[in-house]
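Undergrad: There's a structure below that I have some questions on.
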Amino acid sequence: LLTDTEKNKDVSSLDTYISIFENNKWGVIDNKGNKIINPTYDEMIIIPDKNKGLFICSYDINYNNETYKTKVLNEEGNEILKEYEQIEAIENTDDSMVWYDNSILKYKQNGKYGLIDFNGKKILNAEYDNIYALKGVEKSLIVEQNGKKGLVNTSMGEIIVPVEYSEVTNLSENYEAGYIVKNEAGKFGIIGADKSKILDANYDEIKRVSGNNYYVVVQNGKLQIIENMGKLVLDKGFDSVEDINVNNFIVIKNSKYGVISKEGTDIIPAEYEDLKFLIII
């Protein structure tokens, strides 16, 4: 039960900020309608975290050659983080919505990119050719340097995947599952969110299906279910693997769905048009 004090708390007293468009110009107001930044900017003012008074404004925009400058203002309208050149929020999308990283900003210095937190503390020095979000995955930023790619986990503020791969992609929508990496030889492996090497880059392909330390890979043209560190579990009895739950696998055989165990035993015969594991919360 809530105490009287908790019941009487005014939730509206929590400041939130909104970009507004007025007279063909962009500004910012708070949730009480107070103008924080007068509408004087040609482009929408970016608010990486609606609960934090940090606003990224673009100006001196040249639409022909796609150049612009940025400055960062606080809730009092004062410029902050002035020691950094061209600060930008890091945008991400999952095709249904767009959001910004709410703890890390990208900055540019001498033609290179680095990362800072919202207080201006350096996370990464400006030595990368590009930095951008891994699409649809939170807390995961791709860094590029000299034609190679790596990955930064923003919750840890450090390089998780070394900048030595030709490609870094997500194993699942949850960053905690780890990342699929591709080396110069075109072989794939998996690196965990804790920087551990789960699978060496020895595989022709790694499917985005995993669970309970099982992974689905293609090796020498053969589809396999393997365990952590590459131990073979199964390589026959299925045409594809669709999902994993504990020690059972939803598979497709002859265009029909079924479930097999890690020993290869049929749990549900492959005779259905579709199957999904029931998750009880």
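The values are calculated or read from the model by the stated rules, or taken from the named source; none is laboratory data. Everything numeric here is computed off the predicted structure, so don't read it as measured data. Counting neighbours? That spans all protein chains shown, and the Cβs are built from the backbone with ideal geometry, glycine included. The protein model used for the area step is the full one, side chains on, heavy atoms only, and it has no ligands, DNA or RNA in it. Shrake-Rupley method; radii C 1.70, N 1.55, O 1.52, S 1.80 Å.
Undergrad: Of all residues in the stretch 187-219, which are of a type in the set (Gly, Ala, Ser) and closer than 27 Å to ILE252 by Cα?
TA: GLY189, ALA201, SER210, GLY211, listed by residue number.
Undergrad: What is the residue count in the stretch 59-112 for residues that are in contact with a strand residue (DSSP E or B) (Cβ under 7 Å, 6 or more places away or on another chain), touching a residue at least 40 places away in the same chain (Cβ under 8 Å) and open to solvent by 60 Å² or more (accessible area, probe 1.4 Å)?
TA: Summing the residues that are in contact with a strand residue (DSSP E or B) (Cβ under 7 Å, 6 or more places away or on another chain), touching a residue at least 40 places away in the same chain (Cβ under 8 Å) and open to solvent by 60 Å² or more (accessible area, probe 1.4 Å) in the stretch 59-112 gives 2.
Residue-wise test of (1) modelled with pLDDT under 95; (2) closer than 19 Å to GLN145 by Cα; (3) among the β-branched types (Val, Ile, Thr).
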site: PRO162; (1), (2), (3): no, yes, no
site: TYR165; (1), (2), (3): no, yes, no
site: GLU176; (1), (2), (3): yes, no, no
site: TYR179; (1), (2), (3): no, yes, no
site: GLY186; (1), (2), (3): no, yes, no
site: GLY189; (1), (2), (3): no, no, no
site: ASP194; (1), (2), (3): yes, no, no
site: ALA201; (1), (2), (3): no, no, no
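Undergrad: Restricting the search to the stretch 148-201, which residues are over 24 Å from ILE225 (Cβ atoms) and outside any strand (DSSP E or B)?
TA: Passing the criteria: THR154, SER155, MET156, GLY157, SER166, GLU184, LYS195.
Quick grid of which residues meet (1) more than 30 Å from TYR175 (Cα to Cα); (2) in a strand (DSSP E or B):
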site	(1), (2)
ILE29	yes, yes
ASN38	yes, yes
GLU43	yes, no
PRO48	no, no
ASP60	yes, yes
LYS71	yes, yes
LYS82	yes, no
GLN86	no, yes
TRP99	no, yes
